[in-house]
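The values are calculated or read from the model by the stated rules, or taken from the named source; none is laboratory data. In this text, all values refer to a predicted model and were calculated from it rather than measured experimentally. Methodologically, a virtual Cβ is constructed for each residue, glycine included, from the backbone with ideal geometry; neighbour enumeration extends over all protein chains shown.
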Amino acid sequence: MNIGIYPKYIQIQICEDNMFLNKILENAKRYFSHTHKLSNTLLILDDKRKVKKEYFLNWVYHLQECKSEIRVVDLFKFSLLPIRIKILRQNSIAHCIRIPVEVLSPSRIRLKIPAKDLRVKRAILGLFQRFICDITEDEVLLNSNAKGFWEEFMILIQERIVGNLLLSFDFKRRQKHLTRQELHLESEYLLLDSQIGDDFEAVRKRYIRLVRQYHPDNVFGENADLVQCYQQKFLLIRNAFETIRASLAKA
């Protein structure tokens, strides 16, 4: 059993022989009035039941067999989304697909797609549609300057199943077997176009360059969306630098 966050819903994925399946479906139908059953899927569409949905998600999250790399507090941030309970048949096998991820610049992220695999490409486009700025046959470029990019991106790149595909996102610079705290720190380094282990003085210089580039004064008088985007990126850059500096001070 697994819980994941997708662009349009939160998904609880569970095998049909799981001991908790009946209880989960029973509670979903008991606590929510707007549920819709499709063959192997139950949709919870109550968009105004945020507290009840958080209670339900918290209960599922802490079940013994539930596995998720996402923190429960991050689930709560998306609790206004519909909840999708997907039931997997015993013969439904997930094929693991490795998706290399590379930071090209402070504003561009590249996802490499296995050549001519249209299933994987459709899955990637569905997950990251809000942030796509260019598409070729075997890669997708994401705009990391887009509003809310980094908050959603670091959640979306957790291992997730789409159909019968298990997408495993692999940063070229990513170290394996990181704790959640280390993953968070890694994301802060990525914001500064850096990686864990870089010389602090080099990181500081990149920080100064980025904080000047994205200072809100640079877009004073421009449209509100652009100003908000710069303000958000500026704060993320500052917070990332403070987090990195604090982590080095503890070392």
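Scanning the stretch 185-208 for residues that are surrounded by 15 or more Cβ atoms within 10 Å (Cβ to Cβ), over 14 Å from LEU248 (Cα atoms) and not polar (S, T, N, Q) returns LEU190, LEU191, LEU192, ASP193, ARG206, TYR207. Applying a threshold of 8 Å to beta carbon distances and a minimum spacing of six or more residues, or different chains, the list of pairs starting in the stretch 213-227 at a residue that is under 14 Å from ASN145 (Cβ atoms) and ending at one that is charged (D, E, K, R) reads TYR214/LYS233; ASP225/LYS147.
In the stretch 215-246, of all residues being assigned to a helix (DSSP H, G or I) and acidic (Asp, Glu), the one that is modelled with the lowest pLDDT corresponds to ASP225. Could you tell me whether any residue of the stretch 27-46 is touching a helix residue (DSSP H, G or I) at 6+ places or on another chain (Cβ under 6 Å) and either among the aromatic types (Phe, Trp, Tyr) or surrounded by fewer than 17 Cβ atoms within 10 Å (Cβ to Cβ) (or both)? Within the stretch 27-46, one or more residues are touching a helix residue (DSSP H, G or I) at 6+ places or on another chain (Cβ under 6 Å) and either among the aromatic types (Phe, Trp, Tyr) or surrounded by fewer than 17 Cβ atoms within 10 Å (Cβ to Cβ) (or both).
Being within 28 Å of ASP170 (Cβ to Cβ) and surrounded by 18 or more Cβ atoms within 10 Å (Cβ to Cβ) is the requirement here; does ILE244 meet it? It is true that ILE244 is within 28 Å of ASP170 (Cβ to Cβ) and surrounded by 18 or more Cβ atoms within 10 Å (Cβ to Cβ). Assess whether SER168 counts as being at pLDDT below 85, part of a loop (DSSP other than H, G, I, E, B) and hydroxyl-bearing (Ser, Thr, Tyr). It is false that SER168 is at pLDDT below 85, part of a loop (DSSP other than H, G, I, E, B) and hydroxyl-bearing (Ser, Thr, Tyr). Within the stretch 42-81, being in a strand (DSSP E or B) and more than 22 Å from the chain's Cα centre (by Cα) holds for one residue alone: LEU42.
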